[in-house]
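Below: the structure, in structure tokens.
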Amino acid sequence: MTWSLTDRLERNAREAPEGIAIRDDTRGIASEERLTWAELLTRAGVVSQDLADRSVSRGDRVGLAQPRAADAVVALAGVLEAGAVACPIPAGLTARETDAALDVLRPALVVDPGDLASSGDATGGDATGGDARPSPRPEPEPEEPAVVVLTSGTTGRPKGVVLSHRAMAASADAWLAVLPGATGWAMPLGLAHVAGLGILWRAARDRVPVWLLPPSDPAALLAVLAKPDGPSHVSLVPGQLLRLLDASGDAAPPPTVRAVLLGGGSIPAALVGRATRAGWPIVTTYGLSEMGSGVTALPADEAVRAAGTAGRPLPGIILSIDEPGPDGVGEIIVAGRSRSSGYLGDAAVARDEPLRTGDLGRLDDAGRL
């Protein structure tokens, strides 16, 4: 049975309206902004009505420019509440790259999340949305698109990876089945990154807060992790972990930190060894946008003993090596419920159709990639 982010937000607002959903430290801890589950849902409802007033219809793609901070989370939730498809546009693109992104996305509307979220600040409606939301809200079908994630385009024109409500929920379920329980997630990755999006779905499912942080400020991340009520989980790319270790002087993490997901690129074994020797609970991963984020994970207690591997497939993921050579190396083929629906402009693919990743790998005797 699948679920959607909008359903979880409504449940959380109903069952724990005063619980903290978002803690935004992107402008510094001293100016932290907090949103409860009820506030997040109410503001998302106003954004949804704003989009309806702008003639956004169910299934339309909405581009979210500069998707950072609490405003972006509100805007994304509002897009989904409207039955539309959220298309975060990465920050820092050149004019040419932005044009290429828009040419791929072809959105019905492009908005600055801050503009929409300013409407979301308006009063109106109760903690479960009230008259702030168009009624009735369209219930998303599992296979309807939820988000479109742009690939980097480093090898050519970027592609728009279409991820359904089913795919995003399945990815969150798979991750949460192998990780220790979370008290909160630190998110120094933006919403245009599939790992950043995945954090929102995981946090909403388990009703824990997300701490939004600048992407390149290890001091801010260390300060948040050191808080007595700080987040227990964080997802990083290798460069962020390197800066974190440098900033901390290889000090041990706070005892409240339970999992540091590491992926998004080549992971040097020396970096993993350095972090684990300092006591950081590193979970190395292999994933891709086309699978809603993670495909494999290596628990922290194996990170040193099995350095150089990316772990075993997450629950529900089927992984194989196509045409392995004498050394066991071949193309990585994956399948599972978190599989994307394909790319914008291409024919949709069935959720059970295997994905040829184009990446090379092999499996060791323990079944680790």
For segment 146-190, what size does the Cα cloud have along each of its three principal axes, sorted from largest down, in whole Å?
39, 25, 16
Over segment 1-90: Kirkwood hydrodynamic radius from C-alpha pairwise inverse distances, Å
13.6
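Work out how much length Arg96 to Ser266 would gain on full extension: take 0.36 nm times their residue separation and subtract the Cα-Cα distance, in nm to one decimal.
58.5 nm
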Share of pairwise Cα separations in segment 183-300, more than 24 Å, in percent
17
Tally Lys and Arg at +1 and Asp and Glu at -1 over the other residues with C-beta under 11 Å from the C-beta of Arg368: what net charge comes out?
0
Assuming 1.567 mPa s and 4 °C, estimate D for segment 58-110 with Stokes-Einstein, Rh taken as the Kirkwood radius over Cα pairs, in µm²/s.
115
If you roll a 1.4 angstrom probe over the protein chains with everything in place, what fraction of the accessible area of the chain belongs to carbon and sulfur, to the nearest %?
51
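Evaluate the Kirkwood expression for the hydrodynamic radius of segment 257-369, namely the inverse of the mean inverse distance over all pairs of different C-alpha atoms, and round to one decimal in Å.
Evaluated over segment 257-369, this radius sits at 14.8 Å.
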Sort Ile20, Ile199, Ile317 from largest to smallest accessible area, using a 1.4 Å probe on the heavy atoms of the protein chains.
Ile20, Ile317, Ile199
Distance in nm between Thr183 and Glu143 label points, each 7 Å along Cα→Cβ, equals 4.3
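Using a 10 Å cut-off on Cβ atoms, rank the peptides 264-276, 320-332, 84-96, 286-298 from the highest mean neighbour count down.
Final packing ranking: 286-298, 84-96, 264-276, 320-332.
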Placed amide H near Arg61: partners under 5 Å, 5+ positions off or other chain
Val85, Ala108
Along the Cα→Cβ direction, 7 angstrom out, place labels at Glu323 and Asp53. What is the inter-label distance in nm?
5.8
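Please state the charge dipole magnitude for segment 201-305, taken about the Cα centre, from unit charges on C-beta atoms (+1 on K and R, -1 on D and E), reported in debye and rounded to the nearest 20.
Charge dipole of segment 201-305: 140 debye, to the nearest 20.
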Which value results when the Cα radius of gyration for the chain is divided by 2.2 N^0.38 Å?
0.96
I need the shape label for segment 179-239. Rule: rounded when a/c is under 1.5, else prolate if a/b > b/c, else oblate, with a, b, c from the alpha carbon gyration tensor.
oblate
With the 1.4 Å probe rolled over protein heavy atoms, segment 159-277 has an accessible area per residue in Å² of 31
What FRET efficiency comes out for the pair Thr256/Ser152, r = Cβ-Cβ distance, R0 = 30 Å, nearest 0.05?
0.35
Does segment 250-322 come out rounded, prolate or oblate by the C-alpha gyration tensor, with a ≥ b ≥ c the root eigenvalues, rounded set by a/c under 1.5 and, if not, prolate when a/b is larger than b/c and oblate if not?
prolate
So what's the angle, to the nearest 10 degrees on a 0 to 90 scale, between helix 194-206 and the longest Cα principal axis of the chain?
70
Out of all DSSP beta bridges in the chain, what portion is antiparallel? Express it as a percent rounded to 5.
55
Stretched fully, the stretch from Ala219 through Asp346 gains (0.36 nm per residue minus C-alpha distance, one decimal, in nm) 41.4 nm
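Across segment 220-286, how large is the tail of the calculated P(r) beyond 18 Å, expressed as a percent of all Cα pairs?
For segment 220-286, the fraction of Cα-Cα distances above 18 Å is 26 percent.
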Segment 162-295: relative contact order in percent, alpha carbon pairs under 8 Å with at least 6 residues between
25
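The values are calculated or read from the model by the stated rules, or taken from the named source; none is laboratory data. If you're wondering where the values come from, they're calculated on a predicted model, not measured in any experiment. Neighbour counts are summed over all protein chains in view; Cβ atoms, including those assigned to glycine, are modelled from backbone coordinates with ideal geometry. The area values use the complete protein model at the heavy-atom level, side chains included, leaving out ligands, DNA and RNA. Shrake-Rupley method; radii C 1.70, N 1.55, O 1.52, S 1.80 Å.
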